[in-house]
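Below is one structure; the comments refer to it alone.
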Amino acid sequence: MATDEDRLARARAALPWNQEGREEIYWRHRFAGSLHTSELRVLELERHLARKSSDLARLRARRWWKIGEVLGSGRRSIKGILRLPLRLAGAALGTNQLPAPADTSGLEHQIEAKRRAAGGNHLAVVALANRRYREVEKLTDDALEKDPLSYGALLSRAKLLVAKGELTMAHRYVSLLIDIHPTSDLEVWANDLRGRVISTDPTWLPDIPGAPEPLASSTTGRILHILKESLPFHERGYTMRTHHNLLAAKLIGFDPVVVTALGFPRSEGHSEFEQTETIDGIRHHRLDLGAEHADAIVPPDRYLLDWAWQAAAIVRAERPAAIHAGSGHHGFDTALVGLALSRHFNIPFIYEVRSSLEQTWTGDPSIAEQGEYYERRLAQENRCMAEADLVLAISETLVDDIVARGVDSTKVHLLPNGVDPSEFEARAKRPDLVARYGLGDGPVVGYVSNLGTREGVDTLIEAIAELAATGIETNGLVVGDGPRRDDLKRLIDNLGVADLVTLVGQVPQAEVVDHYALIDLFVVPRTTDRAARLITPLKPYEAMAMGIPLVVSDLPALAEIVADGRGEVFKPESPQALVAVLADLIASPAKAKANAERATTWVTAERTWKSNGARLASAYSTIGLGT
């Protein structure tokens with residue numbers, strides 16, 4: 001079987017030398033594809049009408065057949081002169097055979113031939129939409145074997161390679177398409193692919209213009225934090241963790257300063273904002289090139305270059321002692337900007353790894369941890385950690401993983417999620433909320449989080465349905481919103497548990513604690529993926545502080561939270577396993593209470609934001625930073 005290299009070589013050899021000839025190829029394929037598609041639609045309509053006509057004829061025949069049966073049965077009870085006519089009528093109507101279904105096999109062959117005449121692209125598009133990658137590969141192989149310049153097949157092949165994360169080869173196909181017939185859409189696509197390849201090259205960094213500028217810090221305690229987002233525009237796990245840790249550092253004498261991603265918060269729909277604002281005594285700088293730049297489609301490498309150049313001006317103004325980057329939208333993007341600034345200004349670089357995003361390049365979990373793009377993102381992430389002067393990790397599991405990747409263990413430190421116990425104290429259930437959500441007498445099993453694929457809320461819903469089927473009626477309460485909300489609503493309806501499970505949606509920050517208080521058993525049903533195995537979410541700590549018994553998927557990062565009897569684990573993505581654990585805790589309230597008490601004692605002693613201040617001071621001191 002020919003390789004992609006072979007196919008590209010054949011296609012380039014078949015290209016005419018003049019541009020007009022290339023135009024002719026494009027329009028010939030495009031016209032032929034349009035013609036075949038139109039003819040295909042006519043044939044499909046003809047097949048549809050034939051089937052409908054046949055169904056209608058069979059329906060009419062069946063109706064007369066039934067009438068004939070009635071008349072035929074009547075002939076046994078009517079005597080005399082009517083007997084003969086009824087028999088004849090019964091014979092005429094009751095013995096008719098139903099017409100055979102329409103034979104559309106000929107049309108089926110024509111439709112299949114017409115689809116293939118379109119270069120297989122019609123079938124390939126459908127197969128790709130349904131993630132049938134091998135089928136797309138076979139269809140495009142066949143089409144390109146017949147015609148190496150089939151525009152539709154080349155386009156489908158490029159899209160297949162992108163879907164599989166093979167960006168370098170995809171870029172070569174798109175370049176060939178541009179050679180055949182350049183369009184602005186293809187140019188944008190090619191630049192994006194090229195930018196993704198460049199920005200995941202472990203030897204690349206954004207280049208800040210000019211000679212290096214060794215920087216004399218204004219104070220050893222001033223740390224510039226590079227973040228993807230911040231308060232007050234978002235109140236979620238990332239921004240809340242950030243702000244609490246900044247306040248903890250400030251409390252012990254450090255002077256943290258923030259610069260957010262280029263284009264934030266305009267990228268979130270905010271057109272009016274201050275370039276610099278102070279939040280709880282901490283300066284926040286915004287980098288913005290205006291609405292026109294925000295609307296432009298900028299390749300990833302160009303975006304990181306612009307971000308680094310803009311951030312360099314903030315470094316010159318603030319004169320920090322070090323650069324501290326927290327994981328960005330791709331993980332390593334903030335780190336690349338931080339490394340570039342660190343090298344240009346000759347100051348230490350700290351990388352706070354608070355997510356694992358190498359596998360988020362695709363929405364298909366079956367291939368998330370394979371392919372060129374995954375490997376490139378992982379390599380870039382490893383490079384950023386290896387070249388940092390100090391690495392901070394969000395979980396003990398992640399600390400071990402980073403060291404296992406070859407990063408010097410002496411520079412890897414734990415900076416976990418935490419909680420402010422004064423904000424999350426146990427309290428009684430609000431009667432108005434109980435009434436609003438129709439919570440009955442049974443225990444409330446719930447979760448507070450975003451409704452993404454990784455969270456596994458479908459497992460929780462299915463477990464509640466199974467508990468009800470066994471006679472253990474519980475109330476389900478899920479607080480939060482996200483891309484899977486509609487899917488989860490359909491699941492609830494399909495399982496017939498709409499009266500048991502409530503999807504609350506997003507609630508104001510001021511009411512979050514009151515919603516926690518409604519929950520008797522807090523479940524974290526995360527699925528098995530790389531991020532879930534390594535990263536600890538914030539919400540379990542808040543539940544523990546409030547004395548709510550905890551049940552989590554048996555994943556390393558979650559298991560470390562509930563170790564030593566602080567909670568229970570169950571097999572990930574198994575509603576049956578979750579049912580067994582929940583049934584046991586419901587039947588043994590004393591056990592659940594003891595777990596919760598151990599958890600509250602631990603979290604208030606070991607996982608508070610205030611204690612993170614001491615952790616930061618200890619870690620910073622290893623690279624000569626102090627207050």
Assess whether I297 counts as being over 16 Å from V197 (Cα atoms) and buried (at least 21 other Cβ atoms within 10 Å of the Cβ).
no
Flag if D432 is modelled with pLDDT of 95 or more, within 18 Å of the chain's Cα centre (by Cα) and not β-branched (V, I, T):
no
For G505: the one exception among (1) under 21 Å from the mean Cα position of the chain (by Cα); (2) more than 17 Å from D481 (Cβ to Cβ):
(2)
In the set V353, V412, which member is without any contact (Cβ under 8 Å) to a residue 40 or more places away in the chain and within 21 Å of Y620 (Cα to Cα)?
V412
Pairs where the first residue, in the stretch 128-139, is of a type in the set (F, W, Y) and the second is buried (at least 17 other Cβ atoms within 10 Å of the Cβ) and outside any helix (DSSP H, G or I), C-beta under 7 Å, 6+ apart:
Y133/K164
Condition check: over 23 Å from the mean Cα position of the chain (by Cα) and assigned to a loop (DSSP other than H, G, I, E, B). Does P256 satisfy that?
no
Matching residues, the stretch 277-290, being surrounded by 14 or more Cβ atoms within 10 Å (Cβ to Cβ), farther than 20 Å from A335 by Cα and at pLDDT 95 or above
E277, I279, I282, R283
Might you let me know whether the stretch 478-490 holds any residue that is more than 21 Å from the chain's Cα centre (by Cα) and buried (at least 20 other Cβ atoms within 10 Å of the Cβ)?
no
Test N382 against the stated conditions and say whether it is more than 14 Å from the chain's Cα centre (by Cα) and on the phi > 0 side of the Ramachandran plot.
no
Taking into account only those residues within the stretch 476-527 that are outside any helix (DSSP H, G or I) and acidic (D, E), which is nearest to P232 (Cα to Cα)?
D481
What pairs can you find where one residue is in the stretch 384-401 and over 23 Å from I223 (Cα atoms), the other is of a type in the set (G, A, S), and their Cβ atoms are less than 6 Å apart, with a gap of 6+ or different chains?
T397/A557
Residues within the stretch 580-627 that are under 26 Å from I347 (Cα atoms) and without any contact (Cβ under 8 Å) to a residue 12 or more places away in the chain, tallied:
1
Taking the stretch 545-568 as the search range and keeping residues that are outside any loop (DSSP other than H, G, I, E, B) and under 24 Å from the mean Cα position of the chain (by Cα), which one is nearest to I472 (Cα to Cα)?
V551
Restricting to the stretch 604-623, and then to whatever is in a helix (DSSP H, G or I) and of a type in the set (S, T, Y), can you tell me which residue is farthest from the chain's Cα centre (by Cα)?
S621
Looking at R530, is it within 25 Å of P365 (Cα to Cα) and either aromatic (F, W, Y) or surrounded by fewer than 20 Cβ atoms within 10 Å (Cβ to Cβ) (or both)?
yes
Residues that are over 19 Å from R484 (Cβ atoms), in contact with a helix residue (DSSP H, G or I) (Cβ under 7 Å, 6 or more places away or on another chain) and outside any loop (DSSP other than H, G, I, E, B), drawn from the stretch 531-544
R533, L534, Y541, E542, A543, M544
If you check A308 against the conditions, is it touching a strand residue (DSSP E or B) at 6+ places or on another chain (Cβ under 7 Å) and crowded, with 20+ Cβ neighbours inside 10 Å?
no
What residue, of S395, S422, S409, is under 22 Å from A557 (Cα atoms), among the small types (G, A, S) and surrounded by fewer than 20 Cβ atoms within 10 Å (Cβ to Cβ)?
S409
Residue check, S553 against (1) under 30 Å from H324 (Cβ atoms); (2) touching a strand residue (DSSP E or B) at 6+ places or on another chain (Cβ under 7 Å); (3) surrounded by 16 or more Cβ atoms within 10 Å (Cβ to Cβ); (4) hydroxyl-bearing (S, T, Y), all met but one. Which one?
(1)
Please verify whether the stretch 588-603 includes one or more residues that are in contact with a helix residue (DSSP H, G or I) (Cβ under 6 Å, 6 or more places away or on another chain), outside any helix (DSSP H, G or I) and aliphatic (A, V, I, L, M).
no
Filtering strands (runs of 3 or more DSSP E) wholly in the stretch 336-420 for at least 1 residues that are of a type outside the set (A, V, I, L, M, F, W, C) and more than 30 Å from V512 (Cα to Cα) gives 349-353, 412-414
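The values are calculated or read from the model by the stated rules, or taken from the named source; none is laboratory data. These numbers come from a predicted model, not from an experiment. Don't worry about glycine lacking a Cβ; one is built from the backbone with ideal geometry, like all the others, and counts go over all protein chains shown.
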